[in-house]
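Asks: Quick one: the structure is below, questions incoming.
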Amino acid sequence: MLIGPDFKIKICDLGLAQTINDHHHRINGTEEYMAPELHENGPQGYDPVKADIFALGVSLFVLNFALPPW
């Protein structure tokens, strides 16, 4: 999460972490914050808005409870 000069919070994913799933598709992002369908299907056939909402939920959980949800 970034805070802009106007103190608005912006959510970003720098995409520096990369994994290769069983189907040999390259996936960018942090595994613990990725939606389950990305682990199953790779980058094809997923809704990026829903995946971002999932990652936001995990982020808010970690901020609230200081530990990951799993």
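Asks: Give me the distance in nm between label points sitting 7 Å out from Cα along the Cα-to-Cβ direction at Gln44 and Phe65, one decimal.
Replies: A separation of 3.5 nm, rounded to one decimal place.
Asks: What nm value, rounded to one decimal, do you get for the distance between Glu37 and Ile3 when each label is placed 7 Å out toward the C-beta?
Replies: Computed distance between label sites Glu37 and Ile3 equals 3.4 nm.
Asks: Here's a follow-up. How much solvent-accessible surface does Leu63 expose, in Å² to the nearest 10, with a 1.4 Å probe and all protein chains in place?
Replies: Accessible area, nearest 10 Å²: 120 Å².
The values are calculated or read from the model by the stated rules, or taken from the named source; none is laboratory data. Being a predicted model, the structure only gives us computed values, none of them experimental. For neighbour counting, all protein chains shown are included, and Cβ atoms are generated from backbone atoms with ideal geometry for every residue, glycine included. For accessibility, only protein heavy atoms count, side chains too; no ligands or nucleic acids. Shrake-Rupley method; radii C 1.70, N 1.55, O 1.52, S 1.80 Å.
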